[in-house]
Structures are given as structure tokens and as C-alpha cells.
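Okay, structure first, notes after.
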Amino acid sequence: MCDIWFNNLLLYPRNLGISEITLFKEITIKRMENEFSAIFEKNREWAKRMVTKDPEFFQRLADQQKPQFLWIGCSDSRVPSNQITGMDPGELFVHRNIANMVHHSDFNVLSVLQYSVDALKVRHIIVCGHYSCGGVKASLEMTDHGLVDNWIRPIKQVYEEHLEDFEGLSESEVVNKLCEWNVREQVRNVGRSTIVQKAWRRGQPLSVHGVIYSVKDGKLKDMGCSISDPAQLPSIYHIRQE
Ligand code: CO
């Protein structure tokens, strides 16, 4: 009964009186509280399931993390890194941002990269893009999206560099093709970074991979653009002296 009344308020918000607005706000706040507290219920169930499966699980993890992989993915809620790779906590070090970008002036991604390479000594860095990426789609538009336009600006450049590859494609095919090119570009950006270049210089085994995820079928595809040696990038990026 309450729900029907609430939904009617959402349909006709302009006809509300002061007392109805107060009630509307109270119901909304209550609903939001419930949404938030549901997280803790789900968390308790999850922790219980994990312990049932492996009683020592959390105790082992509490001592230290030793992930082999760094994941650089999109913030998109449909691309949850651990779930789609079937990895447990402790197996994947994760950085996510809009359109899985690697900017050389972004202290966030650089700090994650440095810690995972220098301290955790991960052996693989995975850049994961996904088809129908909203960030990539937005980069193709001439609309003003605000601040985020600066973040996704380099994708326009990727588009410009591969213009001939988009000829004759439909709008959604262009987006998806650009998602793929963006993954390849961000893989190279990881390789171009001083952090990865220095790791390679000291002989640390480290591979950078590009993968793409389909939100339509849950499948992950290797883009076949892995790099694990400085020779795979122009020498201008190499760091020779200690
Ligand atoms: Co995305």
C-alpha cells in the first residue's frame, strides 16, 4: 500500500503539498537507509560462506597479500574484476577508473602501479577494457560532459590515429572498435611508464596484457597485445642509466 502511494508521488511530484513533501522525504531517507544497511547483511552472508568453504581463509589473508596480478579496469559496475576472473580476495591488486585510462600525470594510477610492481612484485599487469564502454562512447561525442571530458580526451586521439579502421562501421561498432584500440593504447602507456621501464631495466619479470570484456556474455578476450620486454616499445622510452 505504502509503495503504491510512494510511486504515485514520484509520478506527480509537482502536485505535492508541504506535508506530503515532508513525508516523501522521510520515506526516501528510510529507503536509502535500508539500501545501505542491506550491504552489511550481504557482507555477513558472504563472510560466512567463505569461512564455511575454508575456515583459515581470512586468517591467512590478514597476515599479508601476495597477488600475482595488477588489474587496471573501467569503473563500470558491470565489470567487477574479481568476479569475472573467478579470483578470491588477495589474488588481484586493483585500480579502476573511467575507461581504464593510464595517464602519466595521474598519481593515483602511478602509485598503484609503483606499489604493485616495486613492493608486491606482481608478474602480470592486465589492462581490461570492455565493449559498450560509456567513457569511450562519450569520447566520440561532441557534447559537453563537464570535467570528465578532460579525463577521456586522449581517447579522441586514439580515434584520430586509427580513422581508417572505423570506415563503414555502425555507431556501436565504432564504439566497440575504439574500446579495443584504447586497451592497446593503455597497455603501451603502462609499458611506457618509468615504473615498468625501471622494472625491466633491473631484470624483473613483468608482462603487460590487454584484455576486453563483453558485458553481453560475460566473456573475457585476450587482445594479443602483451608486452614483456622494453624492445617492444620505441627506444625513446627506455631508461638506460641507473
Ligand atoms: Co567503461
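No value in this document is a laboratory result; all are computed from the given coordinates. The structure displayed is predicted, hence computed values, not measured ones. All Cβ positions, even for glycine, are placed from backbone atoms using ideal geometry, and neighbour counts span all protein chains on display.
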Exercise for the section: Please work out the FRET efficiency for the pair Ile239 and Gln64, using the Cβ-Cβ distance as r and a Förster radius of 25 Å; give the result to the nearest 0.05. Expected result: 0.25
Fill in the blank from the handout: Ordered by fewest other Cβ atoms within 10 Å, a rough proxy for footprinting exposure, Phe93, Phe107, Phe58, Phe24 read Phe107, Phe58, Phe24, Phe93
Handout entry: Burial ordering of Arg192, Arg240, fewest other beta-carbon atoms within 10 Å first
Key = Arg240, Arg192
Fill in the blank from the handout: Nearest-0.05 FRET efficiency for Ser111 and Lys216 at R0 = 30 Å, using Cβ-Cβ distance, is 0.35
Problem - Rg in Å to one decimal, and Dmax rounded to a whole Å, for the range 164-242 via C-alpha atoms - result: 15.5, 50
Exercise for the section: Name the aspartates and glutamates eligible as straight-distance cross-link partners of Lys25: C-alpha to C-alpha under 16 Å, and not fewer than 8 places from it in the same chain. Expected result: Asp3, Glu33, Glu35
Exercise for the section: Just need the Rg to Rh number for the range 43-179, please, alpha carbons only, Kirkwood Rh. Expected result: 1.07
Exercise for the section: Using only the alpha-carbon atoms of the chain, report the extent along each of the three principal axes, biggest first, to the nearest angstrom. Expected result: 72, 55, 33
Exercise for the section: Kindly state, to the nearest 0.05, the FRET efficiency for His103 paired with His162, given R0 = 22 Å and r defined as their beta-carbon distance. Expected result: 0.65
Handout entry: Cα-based reach from Lys53 at 15 Å (exclusive), listing aspartates and glutamates while leaving out same-chain residues under 8 positions away
Key = Glu45, Asp88
Completion exercise
Over 22 Å (Cα to Cα) among Lys177/Lys216; Lys177/Lys221; Lys121/Lys198; Lys42/Lys221 -> Lys42/Lys221
Problem - Label-to-label distance, nm, for residues given as Gln232 and Ala38 (7 Å Cα→Cβ offset) - result: 4.3 nm
Problem - Isotropically averaged projected area of the range 102-169, using the convex hull of Cα atoms (one quarter of hull area), nm² - result: 6.2 nm²
